[in-house]
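Bear in mind that the values in this text are calculations on the coordinates, not laboratory data. None of these values were measured; they are calculated from a predicted model. We place every Cβ from the backbone using ideal geometry, glycine too, and count neighbours over all the protein chains shown.
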Amino acid sequence: MNETAFRYTRRQRLAMGASASGMAVWAGAVSVRAAGYLADGRTGSAVSLWLVLGLIPTVLFVPLVGMPTGWTRIDAEGLRTRGMTGHRRVAWKDIESIHELAGRGRNGSITQIGVTRTDGRSFLLPVPFTSGKIAEDPDFYEKLELMRREWKKHGGRGG
């Protein structure tokens, strides 16, 4: 088998970009307001405003910008991923199960793929995933089945 790479869909990348842009605008507006408080000598109000309403979107902005660079790749050896939690590589023979995990995320709208290793450890694949209409991956279940087929074909316990 040649390598197959799964990446975020165009719609998913656009949704993440829009969210990141919204957070950046929000953090910028809060920072401008906090600067106004500082100029008026109200340091306590400026710091509390920025810490509560400015820091959170600033912190969330960083992973949202980096998320679309994640991927999952499968080949005859096994699967490899890169996402917000780093790189992972696991051979097909070391996988106990590849399964769908529905109902994750806000409002239970995200369906992801989970991998359980034979040593009992498990992790989520960064891609593919599907979520509602905005971040839907219409080929999610075909990608899941392709992974399962390759796992079984190359000596996974499901084979």
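Table for the structure above
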quantity: Neighbour-limited loop hits for trypsin sites (Lys or Arg not before Pro), the range 82-142 (at most 10 other Cβ within 10 Å; DSSP other than H, G, I, E, B); calculated: Lys133
quantity: For the chain, calculated [θ]222 nm from helices alone, where every DSSP H run of n ≥ 4 adds -39500 (n - 2.57); calculated: -13000 deg cm²/dmol
quantity: Table column - 3J(HN,Hα) (Hz), the range 45-50, Karplus curve with 6.51, -1.76, 1.60, x for Gly and Pro; calculated: 5, 5, 5, 5, 4, 5
quantity: The chain: DSSP helices with Cα axial extent of at least 15 Å and average Kyte-Doolittle hydropathy no lower than 0.0; calculated: 10-39, 55-66
quantity: Pair Arg73, Arg33: separation of 7 Å Cα→Cβ label points (nm); calculated: 4.5 nm
quantity: Whole-number percent relative contact order across the chain, with pairs defined as alpha carbons under 8 Å at least 6 apart; calculated: 22 percent
quantity: Descending semi-axes in whole angstrom, ellipsoid equivalent of the chain, from the Cα gyration tensor; calculated: 41, 15, 13
quantity: GNM top mover of Ser97, Ser45, Ser21 - the chain, alpha-carbon springs below 10 Å; calculated: Ser45
